[in-house]
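K.L.:
Take this structure first; my questions come after.
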Amino acid sequence: MSQTAKQSLPAGMLAAAGIVFGDIGTSPLYTLKECLSILPDGSVSTTAVMGFLSLIFWALTLIVTLKYVCFVMRADHDGEGGILTLMSLARRNVSPKIGHIIVLAGLTGGAFFYGDGIITPAISVLSAIEGMEVVSPHLGKYVVPLAVVILTLLFIIQKHGTEKVSKVFGPVMFIWFASIGLLGIRGIALNPTVLHALNPSYALTFLLTHETLAFAALGMVVLAVTGAEALYADMGHLGKAPIRMAWLVIAMPALVLNYFGQGALVIADAQAVNNPFFNLAPGWGQIPLIVLSTLATVIAAQSVITGVYTLTHQAIRQGFLPPMRIVFTSHTESGQIYIPVVNWLLFVTVTVIVLAFRQSSALSSAYGIVVTGTMVITACLAGVVALRNWKWPLPLAVIFLLCMLTIDVPLFAANLMKLLSGGWVPVLMALTMMGLMLIWSTERNRLIRKLNNDPDSLQALVKSLETNPPSRVPGTAIFLARKEFEIPQALLHNLKHNRVLHQRVVLLNIRTTDTPRVHNQQRITITQLSPSFWQVTAAYGWREVPSMAEVLHLCGLEGFGCTVNEASFFTSHDTLVMKKRRGLARVKGVIFHFCQRNALRAHEQFNIPPNRVIELGGQREF
């Protein structure tokens, strides 16, 4: 767990306000406005407003508080959360066939997050800057250019890291929640009877009396809970208690007050329906509110960008994406990373979306499908964890799952109606990432299986080399191997072409475990195969970054002394030649070949000095 999680509870709650609740915390900017926009002109009645308020309140209560805070956040893996963590937990204690289905579900959930990642920065920043139109309609023409400028600056500063500015995220978001809560109280004072909408009967009555709009209403109400997944995903940074307390004490009360304040304002003044959030503020407070809203939405966008980096890092470590260059922007916080390729692809995509949709109201149609899709997958995986890991009785686990799906499935189905009106954008992004992860992992595993050899072959080779050794030279040679007790391809190439061996030969396998972290005491395993051959296995969790200097330091503590600058590292890098393929198989082959050609080499992944690396290889068909 990061240092943030070690802070006191109040400090942790403040940090959670800035890191976790940016997305869901800025939803009042557009949620009620978009909900009321589906009503026919002139039909914004008190009944409709009360119905939407009740739906929003119970969505926050049942989905965020009950589902995520009370149940899903229990499914931690050494303190870590997130969809890939849940996938890792759920695939334990199940058959291989069920395990494959769980992996597919987890990857789908991860791909959905990428789809969410291209929408959230765009809709958040646009909705904040659109407040200028409340001050003066003539300022509307500056909304899109200003949004593009803000997003451009946000993506440019990513390479410098956000460690320093992130320290103000918590205080800024605390001011944000305090402000929207006070504005909500100001609105509720106009019509305190809106508090009656806390009664779920208003939600049910609205859905039953507006049958033609019921599905569309659910599709808009889900805007209030976008970002709920962050409560679970960010547990590893902050811990459960600060996130739970920050939600119950800071975020949810402020959100409920603001939504009900907006509702009271619309009931009192129907003209306020065009932008009820900014109309809550008095005239003198609208410009400061626009500034504060912009800061809050930038923080929300930053949280999503950081989440995309983290998800990509986890997917790389678990073998679902090709190795990419990862820059650590903080010496103290392991979660502060920057992935250049992801950053600029995200920037281009988000900018195109802003220029194409131009309004937050247009983007709201694109929002929701991937969010609710992730919720459905989370519910299913949590049900498996409850049954297999927590050992719940089958009837209880089924009831638990059905209760969650009773809420999630209708919301997902309602959002499918948005597919043709913009929802296809994040879905296309999700399908693209899903395809990339499946192609990379399946083609890579197929290639590795082809290269695998019998452990007995290694023993026979070592015995042969000890009996009839080639020329030996002083020093230590470290050959990187994909698996334990297999013959590294680089060793075979070296014997074939150089016909020489060092005095000490180390076969090093760096493996990724299914846990987030591995304690240093369990990291290194050393097996002596012969007087001059050793097998070293270094285990790293999928949250960690392997370091060759650390591996050799730990080997030294075990009595096997060697430093990075003393050893020669042999790696293999084969040039792949694709066999004749047709149709979809050829497309998959071309994509895999491109990814493999541009992936980081082994010495780049493990921070080995280039002048200590000898790379050997040849051509290999796949």
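The values are calculated or read from the model by the stated rules, or taken from the named source; none is laboratory data. Being a predicted model, the structure only gives us computed values, none of them experimental. Because the Cβ atoms are built from the backbone with ideal geometry, glycine has one as well, and the counts that use them run over all protein chains shown.
K.L.:
Of all residues in segment 439-459 being of a type in the set (A, V, I, L, M), out of contact with any helix residue (DSSP H, G or I) (no Cβ under 7 Å at 6 or more places or on another chain) and more than 17 Å from Trp534 (Cβ to Cβ), which is modelled with the highest pLDDT? Step through it out loud before you land on a result.
P.N.:
Here is the first cut: in segment 439-459, the residues of a type in the set (A, V, I, L, M) are 439, 447-448, 451, 458.
Remaining after also requiring out of contact with any helix residue (DSSP H, G or I) (no Cβ under 7 Å at 6 or more places or on another chain): 447-448, 458.
Narrowing further to those that are more than 17 Å from Trp534 (Cβ to Cβ): 447-448.
Details: Leu447: 84, Ile448: 80.
Here the answer is Leu447.
K.L.:
Pull out all pairs, ordered by first then second residue, where Cβ-Cβ is under 8 Å, the residues are six or more apart or on different chains, the first lies in segment 459-481 and is over 16 Å from Val506 (Cβ atoms), and the second is not in a strand (DSSP E or B).
P.N.:
Pairs that qualify, where the first residue is over 16 Å from Val506 (Cβ atoms) and the partner is not in a strand (DSSP E or B), are Pro470/Leu495; Pro470/Arg499; Ser471/Arg499.
K.L.:
Within segment 255-269, identify whether any single residue is more than 24 Å from Ala17 (Cα to Cα), surrounded by fewer than 18 Cβ atoms within 10 Å (Cβ to Cβ) and either modelled with pLDDT of 90 or more or assigned by the TED database to the domain that holds Gly51 (or both), and answer yes or no. Lay out the reasoning, then the answer.
P.N.:
If we filter segment 255-269 for residues that are more than 24 Å from Ala17 (Cα to Cα), which is where we start, we get 263-269.
Now narrow it down to the ones that are surrounded by fewer than 18 Cβ atoms within 10 Å (Cβ to Cβ): 268-269.
Subsequent filtering for residues that are either modelled with pLDDT of 90 or more or assigned by the TED database to the domain that holds Gly51 (or both) retains 268-269.
Yes, segment 255-269 contains at least one residue that is more than 24 Å from Ala17 (Cα to Cα), surrounded by fewer than 18 Cβ atoms within 10 Å (Cβ to Cβ) and either modelled with pLDDT of 90 or more or assigned by the TED database to the domain that holds Gly51 (or both).
K.L.:
So Ala281 ticks every box in (1) in contact (Cβ under 8 Å) with a residue 60 or more places away in the chain; (2) assigned to a helix (DSSP H, G or I); (3) small (Gly, Ala, Ser) but one. Which box is left unticked?
P.N.:
Status for Ala281: all satisfied but (2).
K.L.:
Mind checking which pairs have a first residue in segment 337-354 that is more than 14 Å from Leu153 (Cβ to Cβ) and a second that is charged (D, E, K, R), Cβ under 9 Å, 6 or more apart or different chains?
P.N.:
Tyr338/Lys159; Ile339/Arg325; Pro340/Lys159; Pro340/Arg325; Val341/Arg325
K.L.:
Could you say which residue among Arg586, Arg612 is within 20 Å of Ala538 (Cβ to Cβ) and basic (Lys, Arg)?
P.N.:
Details: Arg586 fails: within 20 Å of Ala538 (Cβ to Cβ).
Within the list Arg586, Arg612, the selection yields Arg612.
K.L.:
Next question, about the same structure. Do you know which residues across segment 572-611 are polar (S, T, N, Q) and either buried (at least 17 other Cβ atoms within 10 Å of the Cβ) or under 18 Å from Ile326 (Cβ atoms) (or both)?
P.N.:
Once the filter is applied, which keeps residues that are polar (S, T, N, Q) and either buried (at least 17 other Cβ atoms within 10 Å of the Cβ) or under 18 Å from Ile326 (Cβ atoms) (or both), segment 572-611 yields Ser572, Gln596, Asn598, Gln605, Asn607.
K.L.:
Could you look through segment 77-111, keep only residues that are of a type in the set (Ser, Thr, Tyr) and part of a helix (DSSP H, G or I), and pick out the one that is nearest to Met375 (Cα to Cα)?
P.N.:
Thr108
K.L.:
Can you confirm whether Ala414 is surrounded by 13 or more Cβ atoms within 10 Å (Cβ to Cβ), touching a residue at least 24 places away in the same chain (Cβ under 8 Å), in contact with a strand residue (DSSP E or B) (Cβ under 6 Å, 6 or more places away or on another chain) and of a type in the set (A, V, I, L, M)?
P.N.:
For Ala414, the condition - surrounded by 13 or more Cβ atoms within 10 Å (Cβ to Cβ), touching a residue at least 24 places away in the same chain (Cβ under 8 Å), in contact with a strand residue (DSSP E or B) (Cβ under 6 Å, 6 or more places away or on another chain) and of a type in the set (A, V, I, L, M) - is not met.
K.L.:
Let me ask something else. Within segment 273-303, how many residues are modelled with pLDDT under 90, more than 18 Å from Thr226 (Cβ to Cβ) and of a type in the set (Gly, Ala, Ser)?
P.N.:
Of the residues in segment 273-303, 1 are modelled with pLDDT under 90, more than 18 Å from Thr226 (Cβ to Cβ) and of a type in the set (Gly, Ala, Ser).
K.L.:
Can you work out which of the residues in segment 379-411 that are among the β-branched types (Val, Ile, Thr) and surrounded by fewer than 14 Cβ atoms within 10 Å (Cβ to Cβ) is nearest to Val64 (Cα to Cα)?
P.N.:
Top of the filtered list is Thr406.
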